[in-house]
Amino acid sequence: MDIQKVLISNVVDLSSLKEYFASDKDSLIQLIGVYLSDTAPRIDILEESLTKVDYVSVKSICHFLKSSLGLMGVRCLDEIATLEKLAQNNEPEDVIKERLNYVLPICRESIIEYRLILDGLEEL
């Protein structure tokens, strides 16, 4: 099976990965593995802010996620950048929670999608 047949998604934009790593299965596996191991726990922490907003954590995690989500083609990069600024400015909790309710499902869906892509790559 061809790598290009695995690198198909309606959930994430794979153009950056295809451009830089399309023929390097091992690098793709490593990159996706790092994305999953670094992102999933941070999303869990962000989810905790749906109950009580931790402004420092939200700001820090969003700052970290900007580069990861950009490279991995997750479609909420602008919202993450906005969320970082909102947390930095200590905006009201309901504003932060509303943004979190928007970005968290997108991030979770990207994690599921990348797990599927990783499984497909590992089977090659």
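The values are calculated or read from the model by the stated rules, or taken from the named source; none is laboratory data. Computed from a predicted structure; not experimentally measured. Don't worry about glycine lacking a Cβ; one is built from the backbone with ideal geometry, like all the others, and counts go over all protein chains shown. The protein model used for the area step is the full one, side chains on, heavy atoms only, and it has no ligands, DNA or RNA in it. Shrake-Rupley method; radii C 1.70, N 1.55, O 1.52, S 1.80 Å.
Just one of the numbered conditions (1) farther than 24 Å from Lys18 by Cβ; (2) without any contact (Cβ under 8 Å) to a residue 12 or more places away in the chain; (3) out of contact with any helix residue (DSSP H, G or I) (no Cβ under 9 Å at 6 or more places or on another chain) is not true of Asp78: (1).
Being hydrophobic (A, V, I, L, M, F, W, C) and closer than 14 Å to Cys107 by Cα is the filter; apply it to segment 2-24 and report the residue that is most open to solvent (accessible area, probe 1.4 Å). Result: Val11. Being open to solvent by less than 30 Å² (accessible area, probe 1.4 Å), closer than 24 Å to Asn10 by Cβ and in contact with a helix residue (DSSP H, G or I) (Cβ under 7 Å, 6 or more places away or on another chain) is true of Ser68.
Per the conditions (1) over 19 Å from Gly120 (Cβ atoms); (2) hydrophobic (A, V, I, L, M, F, W, C); (3) in contact with a Leu (Cβ under 8 Å, 6 or more places away or on another chain), the sole criterion not satisfied by Ile45 is (3).
Sub-6 Å Cβ pairs linking a first residue in segment 112-124 that is over 17 Å from Ala22 (Cβ atoms) to a second residue that is part of a helix (DSSP H, G or I) and at pLDDT 95 or above, at least 6 apart or interchain, number zero.
The set of residues from segment 72-124 being at positive phi and surrounded by fewer than 15 Cβ atoms within 10 Å (Cβ to Cβ) comprises just one member, Asn90. Looking at the structure I just gave you, is Ile106 within 18 Å of Asn10 (Cα to Cα), touching a residue at least 12 places away in the same chain (Cβ under 8 Å) and in contact with a Cys (Cβ under 6 Å, 6 or more places away or on another chain)? Yes, satisfied. Within segment 25-55, being over 20 Å from Pro105 (Cβ atoms), free of Cβ contacts under 8 Å to residues at least 12 places away in the same chain and not charged (D, E, K, R) holds for Ser27, Gln30, Val34, Ser37.
Do the conditions hold for Ile61, that is, is it free of Cβ contacts under 8 Å to residues at least 40 places away in the same chain, crowded, with 16+ Cβ neighbours inside 10 Å and of a type in the set (Val, Ile, Thr)? So Ile61 fits the description; yes.
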